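The values are calculated or read from the model by the stated rules, or taken from the named source; none is laboratory data. Small disclaimer: the values here were computed from a predicted structure and weren't measured. Here the Cβ is made from the backbone with ideal geometry for all residues, glycine too, and neighbour counts use every protein chain on show.
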Amino acid sequence: MPHNLLFVPSDTQFGVWYYRCLRPMQQMNHVEKGKWQITINSSIGWDDYAYLKQFEIIIIHNGQFRGDVQDKFWSFLLWAKENGIKTVLDLDDYWEYGKDHPLDSYCKANAIPFKVTGTIKLVDAVTTTTEYFANIIRHYNPNVYVCENGLCNDDVQFTTKKREAKRIRFGLAGGSSHTTDIKEIVNNSESIFDYMTNAQKDKMQLVLCGFDLRGKNNICDADGNVIKTEDIPIDQIWWTKVEKLLTKNYTTVSKEYADLLKRYDHSDEAYDASDEPYRRIWTKDISKGEYGDIYKDMDILLVPLKDNDFNKCKSELKFVEAGWTYTGIIASKVGPYKDFGKNLEDCLLVGKGPKNWARAIKEVIREDELRNNIINNLRSRIIMERNLDMLVKKRSAIYEKILEG
């Protein structure tokens with residue numbers, strides 16, 4: 001008889017949904033056929049014990065920390081333990097956001113560190129993304145297992161071929177949580193372009209991926225409760241501020257392209273920007289199979305990361321995406337990237353500041369053999385070490401071990 005498993009995702013739209021829930025569960029159901037009866041349900045009533053008691057093991061991604069469900073959730077965890085139902089917290093972000101993160105105030109006001117560590121103590125086991133993060137979690141619960149992120153050939157959006165290009169394309173993919181990270185490449189006083197000749201600039205294109213105008217401003221009371229939500233003016237949205245820095249307020253691109261970019265209405269998408277020094281790619285939905293398309297238009301992924309406690313607990317997911325799509329990678333010599341990447345073999349690892357990033361970019365532009373090697377070596381490594389078909393067998397064995405405990 002298959003084991004009855006419930007997975008409760010924290011969302012059903014973004015990257016964590018795809019990498020931590022949807023794809024692992026789909027592939028585990030396929031590869032380990034007959035072992036598991038899997039249900040994914042994001043709308044759980046934590047006091048609906050009649051529904052919950054049918055499952056042998058319940059996986060919860062990132063916990064349930066809203067004030068209106070917190071008490072019911074913790075009561076459920078105690079009930080599950082009394083009734084022999086195994087509970088697993090799947091955790092992929094450190095609970096201490098730190099001052100560099102835009103949600104740090106919200107995190108502190110809502111006692112997120114207390115709620116997360118309290119949940120870690122109550123569940124039977126925790127799964128996470130790296131051994132480094134696992135060792136931190138083990139201070140609160142000894143039963144911690146690493147379930148790495150991965151991809152496989154069924155992830156069609158990551159199997160597309162590159163589009164032809166006139167320049168070597170260097171991509172940036174992130175969001176507002178990477179505000180301090182992007183400063184490693186460009187900030188108000190310094191840019192990678194300050195250390196490059198015109199000839200070098202003419203051989204490269206900087207591609208900003210994931211451009212989005214959906215920014216919201218939450219106004220909270222003294223207890224951290226959101227009392228009002230406002231749209232952020234376009235010129236204050238993180239993406240537009242970064243774009244202005246990367247283009248020196250749109251002066252480095254042609255006037256025709258600059259005029260289209262400043263309309264912020266997707267009209268720039270019809271323009272042939274293949275020979276522009278900068279290109280914008282609008283956000284794409286990973287749950288609809290669109291996100292992987294960003295890799296069609298980049299040759300090298302730039303992954304800046306500031307050295308802080310939150311970032312040290314991140315995974316090497318960008319290496320996985322890059323490797324699977326025949327994309328090279330230049331990354332900060334920090335945390336997960338320093339631990340995973342093999343410098344000058346399957347990536348370039350970079351020190352702090354735009355000057356060091358410019359040096360690495362120039363090296364990749366100049367050295368065709370180096371560029372091809374880091375692309376091909378990373379591809380070979382990722383399809384072996386981060387193949388989801390292999391990883392879900394490991395995940396299945398972990399769940400079986402938890403059930404036996």
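Overview of results
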quantity	calculated
Residue in the range 354-368 that is over 26 Å from S189 (Cβ atoms), among the polar types (S, T, N, Q) and at pLDDT 95 or above present	no
Meets criteria (buried (at least 16 other Cβ atoms within 10 Å of the Cβ) and not basic (K, R)) for G45	no
Selection from the range 149-185 of residues that are out of contact with any helix residue (DSSP H, G or I) (no Cβ under 7 Å at 6 or more places or on another chain), assigned to a helix (DSSP H, G or I) and of a type outside the set (D, E, K, R)	V156, S177, H178
Residue list for the range 47-67, restricted to those being outside any helix (DSSP H, G or I), in contact (Cβ under 8 Å) with a residue 12 or more places away in the chain and either of a type in the set (S, T, N, Q) or closer than 30 Å to K314 by Cβ (or both)	Q54, I57, I58, I59, I60, H61, N62, G63, Q64, F65
Within the range 293-325, tally of residues that are over 18 Å from V207 (Cβ atoms) and of a type in the set (A, V, I, L, M)	3
Failed criterion for V364 (all others in (1) surrounded by fewer than 23 Cβ atoms within 10 Å (Cβ to Cβ); (2) under 24 Å from G150 (Cα atoms); (3) β-branched (V, I, T) hold)	(2)
Any pair with Cβ under 7 angstrom, 6 or more apart, that starts in the range 199-215 at a residue that is within 16 Å of S177 (Cβ to Cβ) and ends at one that is part of a strand (DSSP E or B) and modelled with pLDDT under 90	C209/A173; G210/A173
Meets criteria (charged (D, E, K, R) and in contact with a Cys (Cβ under 9 Å, 6 or more places away or on another chain)) for D93	yes
Restricting the range 95-131 to residues that are in contact (Cβ under 8 Å) with a residue 60 or more places away in the chain, surrounded by fewer than 21 Cβ atoms within 10 Å (Cβ to Cβ) and outside any helix (DSSP H, G or I), the residue that is farthest from the chain's Cα centre (by Cα)	D124
Out of G351, G341, sole residue that is assigned by TED's automatic domain parsing to the domain that holds R163 and in contact with a helix residue (DSSP H, G or I) (Cβ under 8 Å, 6 or more places away or on another chain)	G341
Residue that is without any contact (Cβ under 8 Å) to a residue 40 or more places away in the chain, charged (D, E, K, R) and within 24 Å of N198 (Cα to Cα), where the choices are D297, D272	D272
Options Q70, Q37: the member that is touching a residue at least 12 places away in the same chain (Cβ under 8 Å), surrounded by fewer than 20 Cβ atoms within 10 Å (Cβ to Cβ) and part of a helix (DSSP H, G or I)	Q70
Those residues of the range 8-32 which are of a type outside the set (G, A, S) and farther than 24 Å from G45 by Cβ, in sequence order	Y18, Y19, R23, P24, Q26, Q27, M28, N29, H30, V31, E32
